[in-house]
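These notes are about the structure you will find just below.
FYI, it's all coordinate maths here, none of it is from the lab. If you're wondering where the values come from, they're calculated on a predicted model, not measured in any experiment. We place every Cβ from the backbone using ideal geometry, glycine too, and count neighbours over all the protein chains shown.
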């Protein structure tokens, strides 16, 4: 399939539109909303339902044909016993019909399953896209409060539960209704007593399998929880194997493992029993019903009030019905699963995007690149105490503003407000006089770069990581950014150079190297305003100086914000703000602040500790 | 971003050359040889403890199969002797009913027995295998752990073990399938050889079709599976890295790339669905042919009285069950291949040699040992022929604090690991309390040595449990006093539940400095005579940093200390400094003595780097000291 990029883009938009369109049914129940989503694929959905109806009907015909064949073979239906040729002929016709019905049933069952599945896969595709798109756009405050593991589960398992609903829930319901409903009418109209007997196992099996499936589902969830704990124990043990060995804690770890493992094993046993009790009981009730039919029917045949063929057709009908009736439990399970999964999924998809472009927002008009905080206040969602109060400062091109303060004083929050990771609660932030909430996010984030402390590296090559913000970047630009970040020499020394895979499962970089990679990743974008959010904490002082010099050499005329707890990083700043409890408590140049003999001075003295006493205690 | 790229994004025509989402993955062999005697023996060693259950369930599955075969035969007898053609015999009908009742009771019992026994045994084998691997991994040499990713081991402990379980459960059922298949063939031929042969003729057709179908279908199923892991990986990456994605405005490019992955996933699944479903009409057609054959041929025979009507009915019943075993048997083939591949990987883990074990005559390190540590002509390397320590000798006297310094790769960390006997020396001796570490039990060694690693590793669980990790019997008072001593008490009390607050994975809900303080408290509770400590390199805020320096002094008080020091403050405070370079001990002495000597230490010190590890290799090699400040 070769689709042009434009077609693909269009299809993507259609998919998103589908999911959004189902949103106006918010008042409806979850299952109704899923059904609406399904109906966005009307052709395939109708094909699946139609095929199901036909396949089920054909299914019902087969026992009748078999019964007729049996009677024909006995010559019962032929008008006179000597017309053997006519009987032969009748058999031939029945056989041919049966063959045709079988082939058609096969084809329609195939269509039923395929289209049912296909609707599910298309729906899954749309939901995956919509979920991904939503997750990418939801602001930091959302991601702060929702666990990543839960989001991954949602994007994988919950979508599965929803997308399977059509095939395992709705289509199966149609199939079962036709089979059991029409089947019952057919059987009971032929022989009320025998018909009822043939169907006698249905309610029992339906009830048992529904109860069992629901029970299996709840125990499955519980088992998954226990296994997740086991996974965590194993994962931490293997990841922290040195600690385990250092403290000779192997026996302790094994006992922890055994305890959790034992619990999980017991639950697994319990599930085996639940399952087996159910299947055995279902089999038994089915065969018991068959025995009754055979007994009563046999009596009638012996009495001559019923033909062997009719009895055989009752019996084959039961065999045909057996499998679908057992699946009733799966259908009930599918409804339960889709309803819980769908509730969680829709809750996410219905989330309001709090930080987005205003209607009619224009791109930022960057002239000089003057950043100004005007009486900025901020309170984290759900928090009582404000994180920032009345922050005022201006950073002009070429200027460096240093921000320092104790842990938790609100330093990083300042950094997060500039690219609108969060929106201010009071006051405003402007760039060249434009309120950052009035311009497009894309243009704002291109103008402002924030180098974070624990930035995430992607599991791909160093090259791709450096070029993350501009995947079109040429090699020389990547190398230049790495050079400025003082990482180039290290990279070219690696056996695979810039192609070395880093990230979660990649080569292990030291903390300092990871930070320098993060710096290179920002430098490549040549932001007009650059914010270092404690991003050189793991880089030694000498290297940090070289990085700063390189940055200045390449782009002297930009405003820089340096947030750090290391005074040597920001002592040369044009203005230093000392933040405490979200307020600026001291401001000025390094010299001014030292002279003021306040908190800054105290911190400064703290960082020049009388080293001699550090280990003195040990010597005593 | 250039104008060109901007346009390209909008037009959606050009794929950015350096953009990927969640793409780098390691592939693993999913299918192995169908049968590998070595692996089968290995698997059997886990099954053997439950062999009684296995035999029982095989017996049960055979009985179960017999009852299934018997039911159409009973119906046949009932029809032919009990009701048909005016020769009705009530007694026969009654005995048929009794036989039927007996059969379904046996069927019920056998199926219950077989499924519970095999299900439970398979679960047990699964847990046993996992435990065997896990406990083996507790003992294997650290050099294996160093070079193996945790993720890979986890997939052995979970995915591979699960596919073994699947194999176990389905194997017994397969025996039933084979028995059922053989039984149907025998019964049909016995009931009527001619009609039997004709009906059975459809069977090989299905076999041949499946033979061609399977490799193609398997490939499409694998593709569906593979694309699913790729799409899920990309999703996980997008969630973990969402802050970076947003700050770099990569949403649009990523969305496009993610679209490619989920599209591939959808298409692969649609193809797999086609392959799976195409078998349905084939099986139905073959069933139809078989039934039509019975109707035409069997029906004519009934008409000519050469076949009982009951036999014909029985044939029609058997045909309904005919193709099931073939279907599941061909699937079992893939299950077996997968199990062999998993068995291979499980064996690999179990076969990793345990290098460091207690000697048969190892004794516990006496409680009253003096706490000295000595290296005697120690040579050691992870790879034969590439020693990282050459002929290193030094002694740390009881109560002394020795700082180990040197550039990255000088062998400091290896030396530290040898004290605890994480590895065995190639030659020479490491002595603790005057005894060769190879002559004492590892357990007792662990009791006398507390280690603090560079990266403080905390476990999920409460702060309390983490602090008493080394000494699980420690009381609350002990834990609190240790936390107070290292200055961790204040911040712990500020956590939502104090000491009972749960630490999230690896302590991600507290700061790095705080994690270090907890790991100090943990070492303090351990109260060992010898402390081996690898100082953290990361820069921590000055307030916590100060606390850590104080805590370090408390921790070292009254103990023998071997510290891999990075901070000048720590180095200068040590009683003695040992300087390592390229695995050899180049000089030792206290700070003043070493400065006077004007050797490597003096040179490193004068470079004014925050830590020796940061000094570029060329500067160390270059010789001439350079002042940077």
message: Run the Debye formula on the Cα coordinates of the protein assembly as shown, all scatterers equal and no solvent, and tell me log10 I(q)/I(0) at q = 0.04, 0.09 1/Å.
response: -0.32, -1.19
statement: Cα gyration tensor of segment B:373-622 diagonalised, 5x eigenvalues square-rooted, in angstrom largest first, produces semi-axes 31, 22, 16
- prompt: Over all distinct Cα pairs, what is the inverse of the mean 1/r for chain B, reported as the Kirkwood hydrodynamic radius in Å?
  reply: 31.4 Å
- prompt: Going 7 Å from the Cα of residue B:278 toward and past its Cβ, which residues in segment B:186-210 have a backbone nitrogen under 16 Å from where you end up?
  reply: B:206-210
Cβ-derived FRET efficiency at R0 56 Å, residue B:189 paired with residue A:224, nearest 0.05: 0.70
- prompt: Rounded, prolate or oblate: which one fits segment B:291-432, using the alpha carbon gyration tensor with axes a ≥ b ≥ c (rounded when a/c is under 1.5, else prolate when a/b beats b/c, else oblate)?
  reply: prolate
- request: Mark the label point 7 Å from the Cα of residue A:557 along Cα→Cβ and return the residues of segment A:506-546 whose backbone N is within less than 15 Å of it.
  value: A:527-529
- request: Could you bin all the Cα-Cα distances of segment A:192-305 into 5 Å bins starting at 0 and give me the percent of pairs in each, rounded to whole numbers?
  value: 2, 10, 13, 12, 9, 9, 8, 7, 6, 5, 5, 4, 3, 2, 2, 1, 1, 0
message: Please compute the contact order of chain B in relative form: average sequence separation of alpha-carbon pairs under 8 Å and at least six residues apart, divided by the residue count, as a percent.
response: 14 percent
statement: Helix B:202-240 sits off the longest principal axis of the Cα atoms of chain B, rounded to the nearest 10 on a 0 to 90 degree scale, by 30 degrees
message: If I stretch the segment between residue B:99 and residue B:35 completely, what's the gain in nm (0.36 nm per residue apart, minus their alpha carbon distance), one decimal?
response: 18.9 nm
message: Need one word for segment A:86-184: rounded, prolate or oblate. Basis is the Cα gyration tensor (sqrt eigenvalues a ≥ b ≥ c); a/c below 1.5 gives rounded, then a/b vs b/c decides.
response: prolate
message: Using a 7 Å offset from the Cα along the Cα-to-Cβ direction at both residue A:604 and residue B:51, what is the distance between the two label points in nm, to one decimal?
response: 8.2 nm
- line: Check: C-alpha center segment B:147-163 vs C-alpha center segment B:52-112, spacing in Å is 47 Å
- prompt: If you average the sequence gap of Cα pairs under 8 Å that are 6 or more apart and divide by the length of chain A, what percent do you get for the contact order?
  reply: 13 percent
Extension gain from residue B:305 to residue B:484, taking 0.36 nm per residue of separation minus the Cα-Cα distance: 54.5 nm
task: Averaging sequence separations of C-alpha pairs under 8 Å and six or more residues apart, then dividing by the length of segment A:1-191, give the relative contact order as a whole percent.
output: 32 percent
message: Only bridges whose two residues both fall in chain A count here: according to DSSP, what percent of them are antiparallel, nearest 5?
response: 50 percent
field: Gained length - residue A:4 relative to residue A:319, 0.36 nm times residue gap less alpha-carbon distance
entry: 108.3 nm
field: Theoretical FRET efficiency, 1/(1+(r/R0)^6), r = Cβ-Cβ of residue B:397 and residue B:368, R0 22 Å, to 0.05
entry: 0.85
- request: Calculate the radius of gyration of the Cα atoms of chain A to one decimal place, then report Dmax, the largest Cα-Cα distance, as a whole number, both in Å.
  value: 36.0, 128
- line: With only helices counted (DSSP H, runs n ≥ 4, each -39500 (n - 2.57)), the per-residue ellipticity at 222 nm for chain A, to the nearest 500, works out to -19500 deg cm²/dmol
- prompt: Rounded, prolate or oblate: which fits segment A:287-405 when a ≥ b ≥ c are the square roots of the eigenvalues of the alpha-carbon gyration tensor, with rounded for a/c under 1.5 and prolate only if a/b beats b/c?
  reply: prolate
message: Can you tell me what share of the DSSP beta bridges in the protein assembly as shown is antiparallel? A percent to the nearest 5 is fine.
response: 50 percent
query: For segment B:435-530, how big is the tail of P(r) above 24 Å, as a whole percent of Cα pairs?
result: 20 percent
task: Please compute P(r) over all alpha-carbon pairs of segment A:542-609, binned at 5 Å starting from zero, and give each bin as a whole-number percent.
output: 3, 15, 24, 25, 15, 12, 6, 0
query: PRE reach from residue A:392 (point 7 Å along Cα→Cβ): which of segment A:571-592 fall under 20 Å by backbone N?
result: A:574-589
message: What do you get for the angle between helix B:512-526 and the principal long axis of chain B? Use alpha-carbon atoms, 0 to 90 degrees, nearest ten.
response: 90 degrees
- prompt: So what is the calculated 222 nm ellipticity per residue for chain B, using -39500 (n - 2.57) for each DSSP H run with n of 4 or more, over all residues, to the nearest 500 deg cm²/dmol?
  reply: -19500 deg cm²/dmol
- request: Have a look at the DSSP beta bridges in chain B and tell me what percent are antiparallel, nearest 5.
  value: 55 percent
task: Would you mind putting A:382-392, A:417-427 in packing order, based on average other-beta-carbon counts within 10 Å, highest first?
output: A:417-427, A:382-392
query: Which value in nm describes the separation of the simple spin-label points at residue B:527 and residue B:333, placed 7 Å from the Cα toward the beta carbon?
result: 6.7 nm
query: Hey, what angle do you get for helix B:251-293 against the long axis of chain B, alpha-carbon based, 0 to 90 degrees rounded to 10?
result: 30 degrees
query: Hey, with R₀ at 45 Å, roughly what FRET efficiency would residue B:139 and residue A:39 work out to, going by the Cβ-Cβ distance, to 0.05?
result: 0.15
message: Could you tell me the ratio Rg/Rh of segment A:1-191? Both radii from Cα atoms, Rh via Kirkwood.
response: 1.22
statement: With label points set 7 Å from each Cα along the Cα-to-Cβ direction at residue B:182 and residue A:594, the distance between them in nm comes to 9.4 nm
